[in-house]
Amino acid sequence: MHGNRNIDWPAASVAAAFIVLVLGISITAIIKYGTVDDALRWWDGLSAFVGLLTGAVGTFFFTRGQVNAAEQQRTAAEQQHAQAQVQTDQERTRANTERNLAKDRGEALTAIAGNLEPNALEDLKQKHPAIRKVL
């Protein structure tokens, strides 16, 4: 939260300045026009401007939590994506390693079978279904 305080003080200063401005305009209008009715008529012209500023300040302060939550969700999603990418890369590397090992084993088995005497190869095929399946 300490980091948010550093970011929030300028916004709080602007909001406080806005309140002081509205208060100052109100007091000045009452003093200048003498009656509250005349001051309110003068305020009638400024109501759109004050409404716009009030809405902007209110929107900023009341949506900050939602914006921060959305940013945290985005950050968490990016982290999950990065972790999934690392895991995918690791699995791809493992699969490539296994495929290369299977290829090497197949070549070695073929080389061995090619160097055996025909009777020895036939005996191995009869005794071991896995050899019979491959050869």
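Starting from the stretch 115-126, take each residue that is surrounded by 10 or more Cβ atoms within 10 Å (Cβ to Cβ) and list its partners that are small (Gly, Ala, Ser), counting only C-beta distances under 7 angstrom and pairs at least six apart or across chains.
Within 7 Å, the pairs are Leu121/Ala113.
Got a sec? Which of Ala70, Ala76, Ala48 is within 30 Å of Leu21 (Cβ to Cβ) and not polar (S, T, N, Q)? Break it down stepwise before answering.
Numbers: Ala70 fails: within 30 Å of Leu21 (Cβ to Cβ); Ala76 fails: within 30 Å of Leu21 (Cβ to Cβ).
It is Ala48.
One residue is enough: does the stretch 52-62 have a residue meeting the conditions hydrophobic (A, V, I, L, M, F, W, C) and farther than 30 Å from Trp9 by Cα? Before the answer, list the steps.
Our first condition is that a residue be hydrophobic (A, V, I, L, M, F, W, C); within the stretch 52-62, this holds for 52-53, 56-57, 60-62.
Add one more test, that the residue is farther than 30 Å from Trp9 by Cα, and what stays is none.
No, the conditions are met nowhere in the stretch 52-62.
Residues of the stretch 20-55 being among the hydrophobic types (A, V, I, L, M, F, W, C) and within 24 Å of Asn68 (Cβ to Cβ), which ones?
Leu53
Between Ala12, Ala84, Ala69, Ala39, which is surrounded by 10 or more Cβ atoms within 10 Å (Cβ to Cβ), within 29 Å of the chain's Cα centre (by Cα) and at pLDDT below 85?
When all the criteria are applied, what remains is Ala12.
Could you list, in sequence order, all residues of the stretch 99-114 that are hydrophobic (A, V, I, L, M, F, W, C) and touching a residue at least 24 places away in the same chain (Cβ under 8 Å)?
Leu109, the sole residue that qualifies.
Provide a single number: the residues in the stretch 87-114 that are at pLDDT 85 or above and surrounded by fewer than 10 Cβ atoms within 10 Å (Cβ to Cβ).
Residues that pass the stated criteria total 0.
The values are calculated or read from the model by the stated rules, or taken from the named source; none is laboratory data. What you see is a predicted model, and the numbers here were worked out from it, not measured in a lab. Ideal geometry is used to build each Cβ from the backbone, glycine not excepted, and the neighbour counts take in all protein chains shown.
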